[in-house]
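S.K.: Okay, here's the structure, questions in a sec.
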Amino acid sequence: MVFSLFKQQSTSKTYVFSDIHGCINEFNLLFESLPLDKNSKLVFMGDYIDRGPDSAAVVSRIIEISKQYSTIALMGNHEKMFLEFLRDSNSDEASLFVINGGTATLASYSKNHEGYQIPEEHIAFYESLKLYHVDKDYIFVHAGVPNVPIDQFKTHADPSDFLWIRETFFESHFNWKKLIIHGHTPISQCFISKRRINIDTGCVYGNKLTTLELPDQKIYQVKKVFPTEQTFYTLKGSARRSERFSIDLPVMLQMHEGIAMCKAIDFSELGTMFMYDSLDEPLVLNINDEVEGMIGIEDKDMAPFKGVIRRIQKNRQAIFYGLEFTKTPFEFSNDSSID
């Protein structure tokens, strides 16, 4: 599958999208409201999937659109995590996929709870995604760019910067000599300055989905139509409300004495099993104790949680705690304020 580069025509308009996150209803409404013509160019800047109700439908729609219009499709951190999950479900990136709404994507690819199957056309789409696109006026990227000249992006930049970067990019005074268009960090209204434009207006969190028209910087938006409800990935015949996934991620548990560092060993949308192996410094937790903390990798997406200890096991190396969520990472993300 080939996603064509732009044909340079002075009269054409460019329409930019980011962070659709499975919100197919809002995406269709927004797309149908645009004044497109045969010369229109489209840029999609990643995070098509996860958290929202139908990631598979969003990808199918973008593939369909790419056959009608000149289209650039870029990678977001969620597509990168998904690819890593498909390649190695035990990797750090795969674990991040699971805790950051990835099971909603798996559910969208599952028919009759018989496991997920990704169409070859979708795999080709994910694998075709680029980290960034540069034209004569703009840099298009999911999250932002590092402090190096554009001609050094390929050789002197960490690829994860284009997918995950936030504060160091926002606070930078580096001159890239082009206007940077990005998403990734949800805000209540588009941020527009002479240096960068952020168009992630947090649709999946209940706010709006945005398209930016260039060069006029005109904004098109639709409000969230339906609340984003948590989607569980389950298998036929399973007694579980949600399948568990083996993961290996740090857990920062908030204790009266400070932060206790633990490690998650499995995860579902309903809870996690984590271990504490510093037995020389006892972690005092009992059945029915309420706890809260963060799970994930620093400098990437760490997910907050609150829960209750439901199970305790111990061996010579570690203590294992079964935690039932009372407030999940999903719920935190959907009721958090968007700055």
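S.K.: Report the Rg/Rh value for the range 11-108, based on alpha-carbon coordinates and the Kirkwood definition of Rh.
M.R.: For the range 11-108, the value is 1.03.
S.K.: For the range 167-258, take every pair of Cα atoms, bin their distances at 5 Å starting from 0, and report each bin as a whole percent.
M.R.: P(r) for the range 167-258, in whole percents per bin: 3, 10, 14, 12, 11, 12, 13, 11, 8, 4, 2, 0.
S.K.: Expressed as a rounded percentage, what relative contact order does the chain have, with Cα pairs under 8 Å and six or more residues apart?
M.R.: On the way: 761 pairs, mean separation 53.7, N = 339.
The value is 16 percent.
S.K.: Would you calculate the separation in nanometres between label points at His256 and Lys177, each defined as 7 Å from the Cα along the Cα-to-beta-carbon direction?
M.R.: Each label point is offset 7 Å from its Cα along the Cβ direction, giving 6.1 nm.
S.K.: For the residues Val291, Val16, Val148, Val204, what sequence is obtained by ranking on other C-beta atoms within 10 Å, fewest first?
M.R.: Details: Val291 19, Val16 22, Val148 16, Val204 25.
Final ranking by Cβ density, sparse to dense: Val148, Val291, Val16, Val204.
S.K.: Let me ask you something else. Evaluate the charge dipole of the chain about its Cα centre and quote only its size in Debye, nearest 20, assuming +1 on the Cβ of each Lys and Arg and -1 on the Cβ of each Asp and Glu.
M.R.: Details: 35 positive and 46 negative charges, 194 e Å.
Roughly 940 debye, rounded to the nearest 20.
S.K.: Now for a different question. Whole-Hz ³J(HN,Hα) for each residue in the range 242-259, computed from phi via Karplus 6.51 cos²θ - 1.76 cosθ + 1.60 with θ = phi - 60°, x for glycine and proline: what do you get?
M.R.: 8, 5, 8, 10, 6, 9, 9, 9, x, 10, 9, 9, 7, 10, 4, 7, x, 9
S.K.: OK, next. Please identify the GluC sites (Glu not before Pro) of the range 76-121 that satisfy two criteria: DSSP loop assignment and at most 11 other Cβ atoms within 10 Å. Which are they?
M.R.: Within the range 76-121, the qualifying GluC sites (Glu not before Pro) (loop, at most 11 other Cβ atoms within 10 Å) are Glu114.
S.K.: What percentage of all Cα-Cα pairs in the range 14-223 are separated by more than 20 Å? Display every interim value, and only then the final one.
M.R.: Numbers: 12054 of 21945 pairs.
Considering the range 14-223, 55 percent of its Cα-Cα pairs are separated by more than 20 Å.
S.K.: With a 10 Å cut-off between alpha carbons and a GNM built on the chain, which of Gly183, Gly46, Gly293 moves the most?
M.R.: Evaluated over the chain, the most mobile residue of the options is Gly293.
S.K.: Build a GNM of the chain with springs between Cα atoms under 10 Å: which of Asp248, Asp280, Asp216 gets the top mean-square fluctuation?
M.R.: Asp280
S.K.: Now for a different question. Starting from a Cα-only point model with no solvent, please compute log10 I(q)/I(0) by Debye for the range 245-335 at q = 0.11, 0.19 1/Å.
M.R.: Summing over Cα pairs of the range 245-335 leads to -0.27, -0.84.
S.K.: Something else now. Out of residues 5 or more away from Ile139 or on other chains, whose amide H comes under 5 Å of its own, with H placed 1.01 Å from N in the peptide plane?
M.R.: Leu179, Ile180, Ile181
S.K.: Continuing with the same structure: Mind putting a number on the dipole of the range 18-153 about its Cα centre? Charges go on the C-beta only, +1 for Lys and Arg and -1 for Asp and Glu, and I need it in Debye to the nearest 20.
M.R.: Roughly 240 debye, rounded to the nearest 20.
S.K.: Compute the distribution of all C-alpha to C-alpha distances in the range 60-127, in bins of 5 Å from 0, and list the percent of pairs in each, rounded to whole numbers.
M.R.: 4, 15, 23, 26, 18, 9, 4, 1
S.K.: Using a Gaussian network for the chain with springs between C-alpha atoms less than 10 Å apart, which of these wobbles most: Gln230, Gln254, Gln189?
M.R.: Of the options given, Gln254 has the highest mean-square fluctuation.
S.K.: As I understand it, the dipole of the chain uses +1 on the Cβ of Lys and Arg and -1 on the Cβ of Asp and Glu, about the Cα centre. Which of Tyr138, Phe320, Phe305 lies farthest toward its positive end?
M.R.: About the Cα centre, the residue reaching furthest to the positive side is Tyr138.
S.K.: If you don't mind, another one. Under 19 Å Cα to Cα from Lys177, which lysines show up? Leave out anything in the same chain fewer than 8 places away.
M.R.: Lys136, Lys154, Lys194
S.K.: Next up: Would you calculate the volume per residue, in Å³, of the smallest convex hull containing every Cα atom of the range 173-218? It would help to have the intermediate numbers written out before the result.
M.R.: Details: hull volume 3.5 nm³, N = 46.
Cα convex hull per residue, to the nearest whole number: 75 Å³.
S.K.: So if I take the centroid of the Cα atoms in the range 168-245 and the same for the range 310-324, what is the distance between those two points in Å?
M.R.: The distance from the Cα centre of the range 168-245 to that of the range 310-324 comes to 37 Å.
S.K.: For the chain, what is the mean residue ellipticity at 222 nm derived from helices alone (per DSSP H run of n ≥ 4: -39500 (n - 2.57); sum divided by total residues; nearest 500 deg cm²/dmol)?
M.R.: -5500 deg cm²/dmol
S.K.: Now for a separate question. Can you put Ile192, Ile65 in order of Cβ neighbours within 10 angstrom, beginning with the fewest? List each step's numbers first, then the result.
M.R.: Numbers: Ile192 14, Ile65 17.
Fewest-to-most ranking of Ile192, Ile65: Ile192, Ile65.
S.K.: Rank these for me by crowding, Asp158, Asp301, Asp277, going from fewest to most other beta carbons within 10 Å.
M.R.: Working: Asp158 11, Asp301 18, Asp277 14.
Lowest count first: Asp158, Asp277, Asp301.
S.K.: Residue by residue through the range 102-109, which ³J(HN,Hα) values in whole Hz follow from phi under the Karplus form 6.51 cos²θ - 1.76 cosθ + 1.60 (θ = phi - 60°), with glycine and proline marked x?
M.R.: Values, residue by residue: x, 5, 5, 5, 4, 4, 5, 9 Hz.
S.K.: Using θ = phi - 60° and the Karplus curve 6.51 cos²θ - 1.76 cosθ + 1.60, what whole-Hz ³J(HN,Hα) does each residue of the range 16-27 get, with Gly and Pro shown as x?
M.R.: 10, 10, 7, 6, 6, 6, x, 7, 5, 4, 5, 4
S.K.: Next up: Work out the length of the dipole vector of the range 226-339 about its Cα centre, built from +1 on the beta-carbon of each Lys and Arg and -1 on the beta-carbon of each Asp and Glu, and round it to the nearest 20 debye. Display every interim value, and only then the final one.
M.R.: Values: 12 positive and 19 negative charges, 140 e Å.
That gives the range 226-339 a dipole magnitude of about 680 debye.
S.K.: Mind pulling the per residue volume of the convex hull built on the Cα atoms of the range 53-92? Å³ is fine.
M.R.: Enclosed volume per residue, from the Cα hull, is 85 Å³.
S.K.: I need to check one value: relative contact order of the range 245-335, counting alpha carbon pairs closer than 8 Å and at least 6 residues apart, in percent.
M.R.: 26
Taken together, the values in this text are just the output of simple stated rules run on the coordinates, not laboratory data. All of these numbers come straight from a predicted model, not from anything done at the bench. Don't worry about glycine lacking a Cβ; one is built from the backbone with ideal geometry, like all the others, and counts go over all protein chains shown.
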